[in-house]
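The values are calculated or read from the model by the stated rules, or taken from the named source; none is laboratory data. Note that the structure is a prediction, hence the values are computed from the model and not measured. Here the Cβ is made from the backbone with ideal geometry for all residues, glycine too, and neighbour counts use every protein chain on show. Please note that ligands, DNA and RNA were not included when accessible areas were found on the heavy atoms of the full protein model with its side chains. Shrake-Rupley method; radii C 1.70, N 1.55, O 1.52, S 1.80 Å.
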Amino acid sequence: MSEEQIKNLEAQFEARIARDEKIEPKDWMPEKYRKTHIRQMSQHAHSEIVGMLPEGNWITRAPSLRRKVALLAKVQDEAGHGLYLYSACETLGVSREELYEQLHSGKAKYSSIFNYPTVTWADMGAIGWLVDGAAIINQVPLCNTSYGPYARAMVRVCKEESFHQRQGYEIMIKLANGTAEQKEMAQDALNRWWWPSLMMLGPTDAESIHTEQSMKWKLKRKSNDDLRQQFIDQTVPQAELIGLTIPDPDLKWNEEKGVYDFGEINWDEFWQVVKGHGPMNKERMKARVDAWEEGQWVRDAAMAYAEKKQERKEKRVV
Amino acid sequence: MSNKKNWPLWEVFVRSKNGLEHRHCGSLHAADEEMALENARDVYTRRSEGVSIWVVESKHITASNPEHNGELFEPAQDKVYRHPTFYDLPDEVKHM
């Protein structure tokens, strides 16, 4: 194809997206669109998969059967969400194995929030309430993104995710209304998860390298800073309602703007964690790689069994 | 790294209730059709989304090429006489 033909196709492509048409897997698309989508969707899928680890840590120690079934269901949903997203990613011609390889080798990123440890039961509450809360704010606009398979996966994910946040908040309510020790545990979890949750919505707009192009392709519908503000404005009253204090001395309602002003985010910490120096980066990756490698014989056995069954079937036909 | 083959890809279709058609809802990897069905149940019907599941290995699906959309679908556009509104009726005929 000549350069001019490609330019022409690109212009038509951009116009389709501008008209809110969806792009489907077999449609022509610019290479950069394909690559950007593989990157974002796989990062998203990896985050779901790695996100199971901090919570998996507490399944066997959930304080009641009610809490245990809920946590199990939530972690199972996350496996499902990872799967929807990997499948959507595969429609762009990348294999599942390549995607895993990128995660396991450290080439691909996942959400930095999962590199923090879950040290008490209250962390299950804080994760559901804050981390899933922030994730929902990030994900809802993606239900209208331009790439059809991604948008469809997100609709499914968002539908399922709202229980995740509610179950987390319910844990926090219970603890906040419990003994002094329980309330302290809830406050401590909020103290530790608040700032990482704000960071989870991504670098400030000034620092974000992908925003402009992603907006055009509807991979992003609101800027990181707007999403962060929305998250803060929605969460602060929820904390007040259950008598917990947001760990930010600069947090103040701004009457004029109708939003909360908040303190400086420690972006050095964010970049350290992104670069692999968070408290749990190594452990998370080790758990993930071990699970994959130790499961190899099961996958091989299943494949061998499937092939044997197929051979028998063919022999019988002859 | 194992030298064994990877699990193939399957497409999943779910009927949400009797009376409705099966609809494509996604895909997954599985070693064989039985496992594909079981995985589809766990992945796509965890909240009672279905009463029946079809799985088919993705490689068995033949799809039209969007580059041929012109010759495939455009001929239908100028055949308005296939639609009821093409035909003039007197106003007195209320329903037909």
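Below are the figures for this structure:
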item: Percent of Cα pairs exceeding the 38 Å cut-off, where the set is the protein assembly as shown; result: 32 percent
item: Surrounding net charge for A:Glu314, when Lys and Arg each add one and Asp and Glu each subtract one, Cβ distance under 12 Å; result: +4
item: Interchain or long-range residues, amide H under 5 Å from A:Ala108's placed H; result: A:Leu103
item: Stokes-Einstein D (µm²/s) once Rh is taken as the Kirkwood radius of segment A:129-195 over alpha-carbon pairs, at 37 °C in 0.692 mPa s; result: 247 µm²/s
item: Ranking by accessible area, most exposed first, for A:Met280, B:Met96 with a 1.4 Å probe; result: B:Met96, A:Met280
item: For segment A:250-271 versus segment A:297-318, the gap between their alpha-carbon centres in whole angstrom; result: 60 Å
item: Whether chain B is rounded, prolate or oblate, judged on the alpha carbon gyration tensor where a/c under 1.5 counts as rounded; result: oblate
item: Probe 1.4 Å, accessible area per residue of segment B:9-93, Å²; result: 72 Å²
item: Normalised contact order of chain A, rounded percent, pairs of Cα under 8 Å and 6 or more residues apart; result: 18 percent
item: With at most 14 other Cβ atoms within 10 Å, longest stretch of chain A clear of loop GluC sites (Glu not before Pro) (DSSP); result: A:22-206
item: Cα-centred dipole magnitude for chain A, charges only on beta-carbon of K, R (+1) and D, E (-1), debye, nearest 20; result: 1460 debye
item: Integer Hz, Karplus 6.51/-1.76/1.60 couplings in order for segment B:63-70, x for Gly and Pro; result: 10, 6, 9, x, 5, 9, 4, x
item: Placed amide H near B:Leu9: partners under 5 Å, 5+ positions off or other chain; result: B:Ser58
item: Net charge contributed by nearby residues that have their C-beta within less than 10 Å of A:Lys218 (K/R +1, D/E -1); result: +3
item: Contact order relative to length of segment B:9-93, as percent, for alpha carbon pairs under 8 angstrom and 6 or more apart; result: 29 percent
item: Cα centroid of segment A:96-164 to Cα centroid of segment A:45-78, whole Å; result: 13 Å
item: Whole-Hz couplings from phi, Karplus 6.51/-1.76/1.60, listed for segment A:117-132; x for Gly and Pro; result: x, 10, 8, 9, 4, 4, 5, 5, x, 5, 5, x, 5, 8, 5, 5
item: HN-Hα J in Hz across segment A:310-315 - Karplus 6.51, -1.76, 1.60, θ = phi - 60°, x for Gly and Pro; result: 4, 4, 4, 4, 5, 4
item: Sulfur and carbon atoms: percent of accessible area, the protein assembly as shown [1.4 Å]; result: 54 percent
item: Partners for A:Lys222 among aspartates and glutamates (Cα-Cα distance below 13 Å; same-chain residues under 8 apart left out); result: A:Asp205, A:Glu212
item: Under-5 Å amide H pairs with B:Glu49, H placed in peptide plane, nonlocal only; result: none
